[in-house]
Amino acid sequence: MTQADPSARKPSPTRRFLDDNARRTKVVATIGPASDALSTLSAMQDAGMDVARLPLAHGSIDDAVGRLRRVRQAAPDVGVLVDLPGPKIRTTPFPEGGVVLAAGSEVVLSPHGLAPRSDESSIGVSVPELVESLCEGDRIALGDGGVALVADKRDGYSMRARVVAGGKVQGRPGVTAPASRLVLKTPTPEDLHRLEVLLEEGIESVAVSFVRTAGDLEAVKAMAGRSVLVCAKMETPEAVDDMDNILQVADTVMVARGDLGVRVALEEVPHIQKRLIRSCIAWGRPVITATQMLESMVNSPVPTRAEVTDVANAVFDGTSAVMLSAESAVGVDPVNAVATMARIARRADRDFDSVHWGRNLPAQSFAAESSTGARITAAIGAAAWRASVDEKAAVIVACTNTGATARAITRFRPQAPIVAATPYDYTARQLTTSWGVDTVLVPEAKSTDEAVNHGVAAVRAAGYAKAGDVVVVLAGSLHDPEPVTDTLRLVRIY
């Protein structure tokens with residue numbers, strides 16, 4: 001397999017610039033049937049979409065490649081996050097328009113071979129071993145858990161069940177049973193095949209579903225190589241328990257509240273969300289808060305007040321990005337959903353407590369960082385944050401080839417704008433997930449001095465700094481075997 005060479009990409013013009021009312025929390029939008037037209041994708045970029053998520057759970061790999069290419073054509077500055085479906089257990093298809101399962105009614109759960117279609121009385125399950133492993137009294141959730149069944153009586157290869165929480169089901173909703181009944185491995189062989197195809201297209205990042213331990217990321221990282229960011233979707237209690245080990249391996253993290261909320265008590269989800277966000281920031285990992293953030297906008301032009309508050313609170317928690325799922329994939333107005341999400345995030349960013357974050361983060365220990373280079377980078381980042389406060393810096397410039405230097409400084413959530421100066425459009429798109437980072441394209445540098453000079457010249461030309469301003473500049477070693485940010489300079493603009 002020949003993976004696309006990031007360095008071969010032609011740099012695009014300077015990206016968007018910060019202003020006094022800038023949005024620093026990024027917006028991820030899921031692409032689906034409602035949003036994959038060229039005109040819609042372009043409008044979504046204009047409305048505030050920073051990252052396009054391409055889920056592979058539905059449709060063929062050819063469909064995914066087609067959508068990826070349309071994103072590249074219509075929204076060239078947008079990053080792409082390919083989402084591997086993992087070992088998701090689903091029902092067989094319900095009739096078009098769905099059906100309503102009434103509380104108290106009886107349904108029969110059967111292997112998909114016995115029930116190739118699902119309806120009000122019979123539900124097929126894509127993994128026969130799950131049906132075989134069910135025991136009487138087991139609770140089974142459909143979709144995001146709104147519809148729930150309890151296993152009642154074994155009937156040959158099938159299991160009779162009672163509906164204890166009724167509701168409408170449509171399409172092929174997920175099926176969740178007690179974790180001890182069936183343990184599936186991620187990634188699946190199908191995941192790796194899909195990834196191999198999409199790597200040829202030059203993707204920037206890939207999400208791994210149903211991660212349980214850090215080891216679940218190894219096969220994807222081995223195939224993707226160092227240049228592709230690997231995102232761990234935190235949607236199992238096992239992953240939450242192994243959080244520190246996962247954060248040593250993952251490049252980014254998604255708080256996938258939908259499946260997580262089915263597998264843990266609902267009242268635990270907000271607490272897990274806050275813990276994950278705090279930990280990701282301390283480790284310098286971009287973190288995406290996802291699922292049902294503006295769910296009512298699947299059918300409505302406006303969100304509920306509770307949904308608006310949910311998005312704002314994720315911003316106050318410090319999340320790097322907030323994500324739209326069905327709202328933009330199959331919703332009535334994907335462009336409006338993106339614009340609404342961006343507007344909420346922009347307003348919440350104005351009240352984000354940057355000073356509190358910066359003052360407290362350096363006090364935390366970075367001893368858990370996995371390498372000496374990472375610890376040096378964290379220490380230099382802390383010094384840069386302090387310098388930006390003391391000198392009232394106009395901008396923090398992160399000179400970076402891989403994006404690592406920019407991602408390291410974002411953990412401090414500084415008040416000063418962060419601008420990544422990079423030679424590569426590929427790196428610029430990867431940084432669309434990182435909190436508060438804008439990018440400018442610069443020539444390749446042969447030395448640290450040259451990288452600093454390119455970065456300072458670019459931010460001045462772009463209007464981030466003017467004569468008399470102090471600029472904080474971070475740069476990494478060009479020749480170190482591991483990425484390390486080891487240079488900090490304060491430059492006065494003349």
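Name the residue that is farthest from Ser227 (Cα to Cα), counting only residues in the stretch 404-425 that are surrounded by 24 or more Cβ atoms within 10 Å (Cβ to Cβ) and of a type in the set (Ser, Thr, Tyr).
Thr410
Among Ala406, Ala416, Ala428, which is under 21 Å from Met254 (Cα atoms) and touching a helix residue (DSSP H, G or I) at 6+ places or on another chain (Cβ under 7 Å)?
Ala406
Considering only the stretch 406-429, how many residues are among the polar types (S, T, N, Q), over 16 Å from Cys280 (Cα atoms) and in contact (Cβ under 8 Å) with a residue 60 or more places away in the chain?
2
Starting from residues that are part of a helix (DSSP H, G or I) and in contact with a helix residue (DSSP H, G or I) (Cβ under 6 Å, 6 or more places away or on another chain), keep the ones in the stretch 244-259 and report whichever is surrounded by the most Cβ atoms within 10 Å (Cβ to Cβ).
The residue in question is Ile246.
Name the residues in the stretch 138-177 that are free of Cβ contacts under 8 Å to residues at least 40 places away in the same chain, more than 31 Å from the chain's Cα centre (by Cα) and not in a strand (DSSP E or B), would you?
Within the stretch 138-177, just Gly156 meets the criteria.
Exactly one condition in (1) touching a Leu at 6+ places or on another chain (Cβ under 7 Å); (2) outside any loop (DSSP other than H, G, I, E, B); (3) among the β-branched types (Val, Ile, Thr) is not met by Val197; state its number.
Going through (1) touching a Leu at 6+ places or on another chain (Cβ under 7 Å); (2) outside any loop (DSSP other than H, G, I, E, B); (3) among the β-branched types (Val, Ile, Thr) one by one, Val197 breaks only (1).
More than 30 Å from Thr319 (Cα to Cα) and at pLDDT 95 or above, is that true of Ala457?
So Ala457 fits the description; yes.
For Arg305, are the conditions met, namely being in the same structural domain as Val249 (by TED's automatic domain parsing) and surrounded by fewer than 15 Cβ atoms within 10 Å (Cβ to Cβ)?
Considered against the rule, which asks whether it is in the same structural domain as Val249 (by TED's automatic domain parsing) and surrounded by fewer than 15 Cβ atoms within 10 Å (Cβ to Cβ), Arg305 comes out as yes.
What strands (runs of 3 or more DSSP E) lie completely within the stretch 66-137 and have 3 or more residues being among the charged types (D, E, K, R) and surrounded by 14 or more Cβ atoms within 10 Å (Cβ to Cβ)?
none
Hey, among the residues in the stretch 308-337 that are in contact with a Pro (Cβ under 7 Å, 6 or more places away or on another chain) and among the polar types (S, T, N, Q), which one's surrounded by the most Cβ atoms within 10 Å (Cβ to Cβ)?
Checking each candidate, the answer is Ser328.
Look at Glu238 and say whether it is in contact with a helix residue (DSSP H, G or I) (Cβ under 7 Å, 6 or more places away or on another chain), part of a helix (DSSP H, G or I) and farther than 27 Å from Ala379 by Cα.
The answer is no for Glu238.
Here are some residues: Thr309, Thr291, Thr304. Which one is within 14 Å of the chain's Cα centre (by Cα) and over 20 Å from Leu431 (Cβ atoms)?
Thr291
Are any residues in the stretch 200-216 out of contact with any Ser or Thr (no Cβ under 9 Å at 6 or more places or on another chain), part of a helix (DSSP H, G or I) and in contact (Cβ under 8 Å) with a residue 24 or more places away in the chain, and if so, which ones?
Ala214
Looking at this structure, is Ala250 within 17 Å of Val208 (Cα to Cα), touching a Cys at 6+ places or on another chain (Cβ under 9 Å) and touching a residue at least 24 places away in the same chain (Cβ under 8 Å)?
For Ala250, the condition - within 17 Å of Val208 (Cα to Cα), touching a Cys at 6+ places or on another chain (Cβ under 9 Å) and touching a residue at least 24 places away in the same chain (Cβ under 8 Å) - is met.
Do we find that Val262 is of a type in the set (Val, Ile, Thr), in contact with a helix residue (DSSP H, G or I) (Cβ under 8 Å, 6 or more places away or on another chain) and touching a residue at least 40 places away in the same chain (Cβ under 8 Å) in this structure?
Considered against the rule, which asks whether it is of a type in the set (Val, Ile, Thr), in contact with a helix residue (DSSP H, G or I) (Cβ under 8 Å, 6 or more places away or on another chain) and touching a residue at least 40 places away in the same chain (Cβ under 8 Å), Val262 comes out as no.
Just for helices (runs of 4 or more DSSP H) wholly inside the stretch 297-410: which have at least 2 residues that are closer than 22 Å to Ile272 by Cβ and modelled with pLDDT of 95 or more?
Because the criterion is at least 2 residues that are closer than 22 Å to Ile272 by Cβ and modelled with pLDDT of 95 or more, the helices (runs of 4 or more DSSP H) in the stretch 297-410 that meet it are 305-317, 334-350.
The values are calculated or read from the model by the stated rules, or taken from the named source; none is laboratory data. The structure presented is a predicted model; accordingly, all values stated were derived computationally and were not measured. Virtual Cβ from ideal backbone geometry, glycine too; neighbours counted across all protein chains shown.
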